[in-house]
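Written out below as structure tokens is the structure these notes cover.
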Amino acid sequence: MKAFFSSRRRTLARSFALLCASALLANSLFAAAAAAQTVAAKQSAAQKLTEEQRVVHVLNRLGFGARPGDVERVEKIGLKNYIEQQLNPQAIDDSALEAKLRSYPTLQLTTGELLARYPQPNQLLRRLQREGKLPPELASLLQQQQARQQTQQSQAQGQQQDDKLMTPAPQANRQANPNAVNPDAERLIGEAQNAQLNPQAAKQQAQDADPQRRAYRQAIMEYMRENGLENPQRIMSELDSSRVIRAVYSERQLQEVMVNFWENHFNIYAQKGADRWFLTSYDRDVIRPNALGNFRDLLEATAKSPAMLFYLDNFQSVSPNAQANRAMFRRQQADIGVGPMRAGGLFGGARMRDGEARARMQAEVARQGQNAQRPQQQNRPKRGINENYARELMELHTMGVDGGYTQKDVQEVARAFTGWTIYQPRGGGIYGDDAGQDSRAGTFYFNSRTHDEGEKVVLGQKIPGGGGMEDGEKVLDILVAQPATAKFIATKLCRYFVSDDPSPALVARVADAFHKSNGDIKTTLRAIFYSPEFNSTDARRAKIKTPFELAVSSIRTLGADTDARPALVQWISKMGEPLYGYIAPTGYPDVATYWVNTGALLERLNFSLALVSNRIPGTRVDLSKFVGEDASSSRAVDQKGIVDRFLDVVLQGDISPKSREVLMKQLTDQSDAPVASMPDDSARAKNVAAARREQQAGGTVGNPEVARIAALIIGSPEFQRQ
């Protein structure tokens, strides 16, 4: 056994040393390649891509790379026919992908159904309380907490009397809330939900030394099973996995590429409150149907999307002059779930209904006496116009930061979108006997009572008063028609498909196609795909693959199979691109400088080695398809022959002499490299344990030399570029 661990340590140490050296090597190669590209541009201005190079270029840019046999298939039907097929995805049979997606049930549910079946822990706890189904000990725990809070509140009131009510109002408002959800109880709910989804967590919880906590979790899990409730984490887990599955297996590759582009352009951060419940519909109902349609339709779909309304806070934007029918106005506030925030829990604070907030405020006033009434009224959060969406609509979605609009235009656009909100954004009213029956929960809702009905002037164009929801729609018409919008969208598309710094002439032609077609996305893309710039040697391998593109293209190139388990999604995150994980509305930058650095390249090489060694659960590569029995043999292999075979498979044999020379030298040097020390004992133990689990699962490639060669070629500058 000691010999086994010693051998594994040496192998892992060599791999660690290899990856560190390779990362530095790759970094220098990337820099050299960039410099060489500038020189080559002048020398090869008159050169044209070969037919095979054009096919590979199109498969890389209009899709996520070539699978084994794809190049030959495209050459057979013709490149132009392939491009036109991809521009019309509805005619492409994608039944094999659709069969795989059936294993993700959340993708088919409405937002209301997701809110009902995958509740937040604090919502589930309140439901258990309301139905009297909390375990007696846990109910007692909540009662004890409420008693403690009442005692603390009495003491605070006594202190206030002693201080002659000199405590500032903000401090007074921080008193304990007798109706607050118990954080420990909410934590138990979250743990029970997690155990339902994560077998490892369930195993750890079963070993909990506290029998009461085990009983609580068991009771909660039993209630969830009886009522068909599940962990809300499953929503994003399945959405993330489906993104990978679609990109790997879909025959409609350009459709997936454009979904990737638009979801970054109209970025949503999944970890902002209720957005994780809205993103499934955002992907399915907003982006996908419009990815190759008309930009005006896509823009309106995003503007009315609950995911965007919540992310950029427009669902809270109301006219400060909306005074009519205050009672109805307050009821509408309660309907859309707007009010002060409760104390946070596992998933952050939940927003109170207005009626609940008002009742709590009145109770507080009664307890503190009439003197506290005025400070409470003064500190009640003021509601009004929120400019976040209006600003990002012009700066990031349409005209660009240099589009020529003013702060006054932002204010006028914000007025036009008041009242564009969400019906019951946190699923209120869908719990209990009527759970799931209200299909409107979490959907777009225009609240006319909170809309600013006055006249607006946007970019010099008047929008008459009294237009209601049409005010916002007219703003979208105005913005899409702007030359600045055509230029901004054209620039981003050219940067995405051609190069980080597209020529002004190309951008101008693409912007003209966008403008003349009234924002038709297919027409705009044709102007790019059939342009001399796109089909030039300069554009070939001019773009650095993002982590998502690298992971998907690696799997496709090697003909691997995957079910996109969390382990694969986590690798994409480790390489720097968490799906739906970019906080700012700008989305991930689409330039090489953001993605290329030594640390990122080391993670990319780590991923390559994990992939070809079958160390990513749920993803399997069969290298024997390319090198025969050498993939599993324990004998020494012909390095040159193996390198040539993988270069043919991965790069169609198209690698520069310099890169090939450095690759062979790296393999030769590392085969005689001394054993390096691992970072520390704990890291060593974790790696050894992982290796043993992989060996027991029978997934690790038999010949590590073959895996190393494949990993280095996947990590080469030629493959990292597209």
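Do we have A707 as at pLDDT 90 or above and surrounded by 15 or more Cβ atoms within 10 Å (Cβ to Cβ) here?
Against the criterion (at pLDDT 90 or above and surrounded by 15 or more Cβ atoms within 10 Å (Cβ to Cβ)), A707 qualifies.
Could you check, for segment 517-526, whether at least one of its residues is hydrophobic (A, V, I, L, M, F, W, C) and closer than 23 Å to D500 by Cα?
There is at least one residue in segment 517-526 that is hydrophobic (A, V, I, L, M, F, W, C) and closer than 23 Å to D500 by Cα.
When you look at A301, is it small (G, A, S), over 17 Å from the mean Cα position of the chain (by Cα) and assigned to a helix (DSSP H, G or I), yes or no? Give the steps one after another, and end with the answer.
On the way: small (G, A, S): yes; over 17 Å from the mean Cα position of the chain (by Cα): yes; assigned to a helix (DSSP H, G or I): yes.
Yes.
Report whether or not S517 is touching a Gly at 6+ places or on another chain (Cβ under 7 Å), not hydrophobic (A, V, I, L, M, F, W, C) and not assigned by TED's automatic domain parsing to the domain that holds E395.
no
Residues that are acidic (D, E): which helices (runs of 4 or more DSSP H) entirely in segment 542-651 hold 1 or more of them?
Answer list for segment 542-651: 547-557, 598-612, 639-651.
Contact list please: Cβ distance under 6 Å, first residue in segment 587-605 and closer than 14 Å to W571 by Cβ, second residue of a type in the set (S, T, Y) and crowded, with 19+ Cβ neighbours inside 10 Å, pairs at least six apart or on different chains.
Here the result reads L605/S22, each pair linking segment 587-605 to a residue that is of a type in the set (S, T, Y) and crowded, with 19+ Cβ neighbours inside 10 Å.
Identify all residues within segment 387-412 that are among the aliphatic types (A, V, I, L, M), surrounded by fewer than 23 Cβ atoms within 10 Å (Cβ to Cβ) and part of a loop (DSSP other than H, G, I, E, B); write none if there are none.
Within segment 387-412, just V401 meets the criteria.
Which ones in segment 547-604 are small (G, A, S) and buried (at least 22 other Cβ atoms within 10 Å of the Cβ)?
Just the residues of segment 547-604 that are small (G, A, S), to begin with: 551, 553-554, 559-560, 564, 567, 573, 576, 581, 584, 587, 592, 599-600.
Within segment 547-604, A551, S553, S554, A564 qualify.
Name the residues in segment 265-313 that are in contact (Cβ under 8 Å) with a residue 60 or more places away in the chain and among the aromatic types (F, W, Y), would you?
Of everything in segment 265-313, those that are in contact (Cβ under 8 Å) with a residue 60 or more places away in the chain and among the aromatic types (F, W, Y) turn out to be F266, Y269, W277, F278, F295, F310, Y311.
Looking at T524 and the list (1) of a type in the set (S, T, N, Q); (2) under 23 Å from E256 (Cα atoms); (3) surrounded by fewer than 21 Cβ atoms within 10 Å (Cβ to Cβ), which single condition is not satisfied?
The single condition T524 does not satisfy is (3).
Condition first: buried (at least 17 other Cβ atoms within 10 Å of the Cβ) and polar (S, T, N, Q). Now tell me which residues in segment 455-500 satisfy that.
Matches in segment 455-500: Q482, T485, T491, S499.
On the given criteria, is T562 touching a residue at least 40 places away in the same chain (Cβ under 8 Å), assigned by TED's automatic domain parsing to the domain that holds G715, of a type in the set (S, T, Y) and closer than 28 Å to S656 by Cβ?
no
Give segment 534-549 a look and list any residue that's more than 17 Å from D500 (Cα to Cα) and in contact with a Lys or Arg (Cβ under 6 Å, 6 or more places away or on another chain), or say none.
Residues of segment 534-549 that are more than 17 Å from D500 (Cα to Cα), as a first pass: 548.
Matches in segment 534-549: none.
Can you confirm whether segment 97-114 contains a residue that is hydroxyl-bearing (S, T, Y), more than 22 Å from the chain's Cα centre (by Cα) and in a helix (DSSP H, G or I)?
The answer is no; no qualifying residue exists.
So N122 passes all but one of these: (1) surrounded by fewer than 21 Cβ atoms within 10 Å (Cβ to Cβ); (2) more than 30 Å from V248 (Cβ to Cβ). Which condition number does it fail?
(1)
Of all residues in segment 223-252, which are part of a helix (DSSP H, G or I) and among the small types (G, A, S)?
Within segment 223-252, S237, S241, S242, A247 qualify.
The values are calculated or read from the model by the stated rules, or taken from the named source; none is laboratory data. Since the structure is predicted, the reported quantities are computational estimates derived from the model, not experimental observations. When we count neighbours, we look across all protein chains shown, and the Cβ atoms used for this are built from the backbone with ideal geometry, even at glycine.
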